[in-house]
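Presented below is the structure to which this report refers.
Read-outs: derived from the displayed coordinates by stated rules, not from any lab. All of these numbers come straight from a predicted model, not from anything done at the bench. With ideal geometry, Cβ positions are generated from the backbone for all residues, glycine too; neighbour counts draw on all protein chains shown.
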Amino acid sequence: MTREEVENGRDDMLIDGCEAEQRLGNAVPDGFNVNYLKVYYGKLFPHGDIFKWMSYGNDGKHPACDQSYFGRREFSFTLDNDIYLRFQSFNSVSELENSIKEKCPFKIDIGPVYSVEPAKRNAYTPDKVIPVERELVFDIDITDYDDVRYCCSGADVCLDCWPLMTVAIKVIDTALRDDFGFNHILWVYSGRRGVHCWVCDGKARRLTDEQRAAIADYFRLYKGNENNNKKVSLVGHALHPFLIRSYTEVLRYFFEEKLLCSQKIFSTEERFEKILEMIPDESITSELRGKWQENRRSSISKDDINVVRWEQLKHMLQSKKQKAQGLRMCVEEIVFSYSYPRLDMEVSKRMNHLLKAPFCVHPKTGRVCVPIDPNCCEEFDPTTVPTLSKLLEELNMGGLRADVDNEWDRTSLGKSVRFFRSSFLQPLLKSCKEEMESSYNSKLQQSKNSLSW
Amino acid sequence: MEIIGPHRRAPAADVVVLTLPLYRSAPPLEVTLEDFELFALDRLRVLKGISDGLSRGKKPEEMEKLVSELWKANMRHPQASEEVNKDIISHFVLRLVYCRTEDLRKWFLSMETTLFRYRFRLQGHEVQRALMAEFDLSYKAVSNAEFESVKDKLVQVARSMNHQPLPSASDTFFKVPFEEVPELVAGRRVFIHKGHAYVAMNQVVSLVVTQFRSNLSKALILTNRKWTSTIREPEKDRLTPIVEALCTSYLGPDYSQPREFGEITIKEIDQVAKSSFPLCMQHLYEKLKEDHHLKHGGRMQLGLFLKGVGLKLDDALAFWKAEFSQKVGSERFDKEYAYSIRHNYGKEGKRTDYTPYSCQKVISSTPGVGDNHGCPYRHFSEENLRAALGKLGVSYRAVEEVMDKVRNRHYQLACSLTFEAVHGSSCDAGINHPNQYFSDSQKILQSKNNSTG
Ligand SMILES: [Zn+2]
């Protein structure tokens, strides 16, 4: 029997209410499988909210509504047996819901709105099937930080390295709102090792690829690649206001108060050598190296060694700053290298890139891709995000109920759905409506004017 | 524009003389067949010079000087009005020449835009404002009160860019939606607040250039339609041969169709990789063998190169599968990667046959975390580049010469020097294309084989 079958078997026994299992009450074994997923899509997944969101007000009665809008959106499903279905599209919430329930996808991706229904794209010549709208999206993956985190590597995350994601959310979110003037921004836990960001303002959805690339480049600082160790290089006499704000409001605090000690950035020779490499002045590096190698033999100080060494480094650079040209930004360069967001640029630059839908369940962790509130993202803990099995357990606990509509409300998913609605969806739909009204009115005005000519 | 037979010289047309035309519509000028070709060739020399300058990574100030010199050398006419005519005529002839494929359009668009940019920069403020008005870029200047409120930020931006004069109250700033100045956004060269970029007078070139580029881009599509529908056939004995010859003679082959050495099989790749791949491809090839994986940028760069070298689609699929399946399994390969390989060969998606990347494209790429593509001379750290050259067996002295070119950002010259060191014979034409490196290398090796065998 495969592991899955074993689990299913146990699941069945639970439903049978086997006496011996009674003590466990409503426990559901950890894991991820089709049966769990079926219940999840049947009772918990907020199909209606996803539909409302992706309709951007076009599902209403207003004469300016574009009834074809939702139907031109590409969804793609990754199924249980690794079959990958691209270019799915649906004309109503029930079509969407039925298809999800029937196909039970392990992963749902959302693509752009095309000029025609993606499902019927073969009826058109390729030049007629073009992406016309797409949220501006960002994908930040903690594996891209492997050279600056020592607690985990690869797909693992823990509370020591997660602050890197918190930093990314704070820096990008503030810039999207204050600099670019966007208002409707959704942050989502990717279910395993990072975060996704959806910018949904009308003007964000209509950006061209070139404009998307420009925004992504505005955020790009990290220049390191596999063949170059210098990760960040700050040139010029000063930093751009966006970088100054990021540094003073976010990076410096997180670097000094969290990452420095949690990642033990200066604790071993190998680690501090990596930092010394970033200082282009022999005399300083050899002096610091001397201090730190000696220090290892007689570590009597009760202060954290990472803090002590960081202060020594700052002090030394400060005092020699005027002398050497390349040292002006050295402290900042180190902080930026160890904390500044690293974006997957390709995802943001192209309209037709797919991104996993919120509220999917990650097959490897069983965790739901829940929204993250950027205003208190430091409280977000990826290790306590509801798992599929926990949710089913909570469902079991309440027994069967008549009202099937709000089942999520009595599970720990409730908080996330409520947040999604109140902080993201409602304000978004309100402004979609306003935008629709005003563009409709100005069109009316225009046609009136042209009549009177 | 009307083209008349030879020997009948057109009278100077009665048009307003603008020193920097916007090429809005084809002028009512008559031109001899002779001038038709000669003017176009002169302009091509300018564009080709610009292309070389860009690929050598010249700085803006150097480009400005280069463009001005190229223009003087090729486009000057003793009579000012004649010079404008030549400018306009040659531009419209080249539109015909370069409208015919996506790649040609891209090249022409990029070179003409660069030419326009630097010519615009050379104009005085008065003319610049007049040109802005021509483009309908009537932005409101920032008021004194508003200037004072954001002055600190504007100063920070200016200080973050070397050589940008610090702003003062007497300077003019324009407040522009950020979407309209993507390149200033991308380079963090403007202060952006709530969706508006504060553009300095000396930066309006960016606004104008964006406009110029988008106009020309649309015009090229229209020209292409006109070419296929009303010019190519009727002119097949007169203009068509000239037009077709003009582009191949100067741009060189694009290596989309492997010709010279026919096919290459999987078995041979290993061997020719060692003997004839340029460093950028050799590096990707080794990484692929080592990691059994390459990220998107690397797959494109190496994949299209191999296509140009003569690897057939079926072999390409087998080749990539052999590597990737070791890492991700063959099912995932078929599902996620095979599509893009067929795509490169024009078998999926838009079914365009993609051309291998030129040096210019490779050099201007921006490899990020985990990426191995790009130009080693540009993207490797000095240390890694030295190591890579050492592995190729390049002598110490030659390495120093290469590094010297790298420091001066002459990446293609650095590659040519490597070619010479590896092959022990000169490379006078320089390296412009990885596939050219390959075919030149094969030529030399084959002639060596012939003489020894
Ligand atoms: Zn960790």
Computed, not fitted: 222 nm per-residue ellipticity of chain B from DSSP H runs ≥ 4 (each -39500 (n - 2.57)), nearest 500, equal to -19000 deg cm²/dmol
So for the stretch A:241-339, using the alpha carbon gyration tensor with a ≥ b ≥ c as root eigenvalues (a/c under 1.5 gives rounded; past that, a/b versus b/c decides prolate or oblate), I'd call it oblate
So, with points 7 Å from each Cα along the Cβ direction, the residue A:123-residue A:375 label distance in nm works out to 4.6 nm
Any trypsin sites (Lys or Arg not before Pro) in the stretch B:304-367 that lie in a DSSP loop and have at most 14 other Cβ atoms within 10 Å would be B:347, B:350, B:351
Projecting the Cα atoms of B:97, A:198, A:50 onto the charge dipole of the protein assembly as shown, where Lys and Arg contribute +1 and Asp and Glu -1 at Cβ, the residue farthest towards the positive end is B:97
In the stretch A:96-135, the chymotrypsin sites (Phe, Trp or Tyr not before Pro) that sit in a DSSP loop and have at most 15 other Cβ atoms within 10 Å of their own Cβ are A:124
So, relative contact order of the stretch B:357-453 in percent, Cα under 8 Å, 6 or more apart, is 26 percent
Each residue of A:143-153 has, on average, a number of other protein chain C-beta atoms within 10 Å of its C-beta equal to 1
Quick calc: nm separation of the 7 Å Cα→Cβ label points for residue A:98 and residue A:34 -> 2.1 nm
Under the helix-only model (-39500 (n - 2.57) for each DSSP H run of 4 or more, divided by the residues of chain A), the mean residue ellipticity at 222 nm, to 500 deg cm²/dmol, is -11500 deg cm²/dmol
Between residue B:215 and residue B:328, the two model label points (7 Å from Cα along the beta-carbon direction) sit apart by a distance in nm of 4.5 nm
Whole-Å distance linking the alpha carbon centroid of the stretch A:339-401 with that of the stretch A:247-298 is 34 Å
Counted neighbours (other Cβ, 10 Å), sorted fewest up, put B:300, B:281 in the order B:300, B:281
The stretch B:384-453 and the stretch A:165-194 have their Cα centres apart by a whole-number Å value of 46 Å
Taking alpha-carbon centroids only, the stretch A:53-124 lies from the stretch B:121-165 a number of Å equal to 45 Å
Using alpha-carbon positions, the gyration tensor of chain A gives root eigenvalues a ≥ b ≥ c; with a/c under 1.5 called rounded, otherwise prolate if a/b exceeds b/c, else oblate, the class is oblate
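Could you size up the charge dipole of the protein assembly as shown around its Cα centre, putting +1 on the beta carbon of Lys and Arg and -1 on that of Asp and Glu, and report it in debye to the nearest 20? Don't jump to the answer; show the numbers that get you there.
Numbers: 126 positive and 126 negative charges, 315 e Å.
The calculated dipole for the protein assembly as shown is roughly 1520 debye.
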Under the rule rounded for a/c under 1.5, else prolate if a/b exceeds b/c, else oblate, using alpha carbon gyration tensor axes a ≥ b ≥ c, the stretch B:144-203 is classed as oblate
Total charge of the residues flanking residue B:165 in space, meaning their Cβ is under 12 Å from its Cβ, with Lys and Arg +1 and Asp and Glu -1, is 0
